[in-house]
1. Run the numbers on the stretch 100-171 and let me know its relative contact order in percent, using alpha-carbon pairs under 8 Å that are six or more apart.
2. List, in the order given, every pair from Lys56/Lys156; Lys56/Lys164; Lys117/Lys150 whose Cα-Cα distance in the structure shown is over 22 Å.
3. Quick one: accessible surface of Arg67, probe radius 1.4 Å, all protein chains present, in square angstrom to the nearest 10.
4. Net charge around Asp149, counting only other residues with Cβ within less than 15 Å of its Cβ (Lys, Arg = +1; Asp, Glu = -1)?
5. Could you order Thr138, Thr107 by accessible surface area, starting with the largest, using a probe radius of 1.4 Å?
6. Using a ≥ b ≥ c from the Cα gyration tensor of the stretch 46-171 (square roots of the eigenvalues), is it rounded, prolate or oblate, where a/c under 1.5 gives rounded and otherwise the larger of a/b and b/c decides, a/b for prolate?
7. If packing is taken as the mean number of other Cβ atoms within 10 Å per residue, what is the order of 53-64, 75-86, highest first?
Amino acid sequence: MSKGIEGNAGQIAEKHIGQNGLATVPQIEALADQLSVCADQIHARVMKDIKAYNGKPVGDAEQATARALLDDELLLRQRANSLYADAATYVVKTLGKPQQHVMELTTAAAEKIRKIKMIGDVVGLVGGLLSLAGAAATGQPVPILAALDKIRLQVKTVEATMPKKPPLTPA
């Protein structure tokens, strides 16, 4: 499933690269598509962690985190659906960031959600995605740019905490 989602995210991003992000109805719809892909990644990740317990008891903290993330998944889907429904009213003419930047950040977020080791580390990233979804609905550049910065910082934070790959030794 994740390979299909991953491929879908890349296709969405490539299809909707433009000069000024969120400036057309198709670009708003592309953001909604990307947010839906992120919601799919959240769901898959939570289910993977739940299944990893193999029927054994799950700790209270892990249960609370999983429930919160599933609630956030639902909220992210609702906001994406709202963007689809009202795309024409959410066009932002003066964002000042290219659509490619918006798509790259949301694609990176989906990938981090899929690969992150500790489920608790996903919470900040999901919060950034929810901020972006809500900000896009305002049609105002300032909250959108703030949400994009939050996602960028969360992606960097996640990357910094992930184990480094050992260097390849020449044969």
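1. Value for the stretch 100-171: 37 percent.
2. From the list (Lys56/Lys156; Lys56/Lys164; Lys117/Lys150), the Cα-Cα distance tops 22 Å for Lys56/Lys156; Lys56/Lys164.
3. Here the accessible area works out near 150 Å².
4. Local net charge: +3.
5. Listed by decreasing accessible area, they come as Thr138, Thr107.
6. Taking the square roots of the gyration eigenvalues as a ≥ b ≥ c, the stretch 46-171 is oblate.
7. 75-86, 53-64
The values are calculated or read from the model by the stated rules, or taken from the named source; none is laboratory data. The shown structure was predicted, so the numbers you read here are calculated from the model rather than taken from an experiment. FYI the Cβ positions are ideal-geometry reconstructions off the backbone, even for glycines, and counts take in every protein chain you see. Keep in mind that these areas ignore ligands, DNA and RNA; they rest on the heavy atoms of the full protein, side chains included. Shrake-Rupley method; radii C 1.70, N 1.55, O 1.52, S 1.80 Å.
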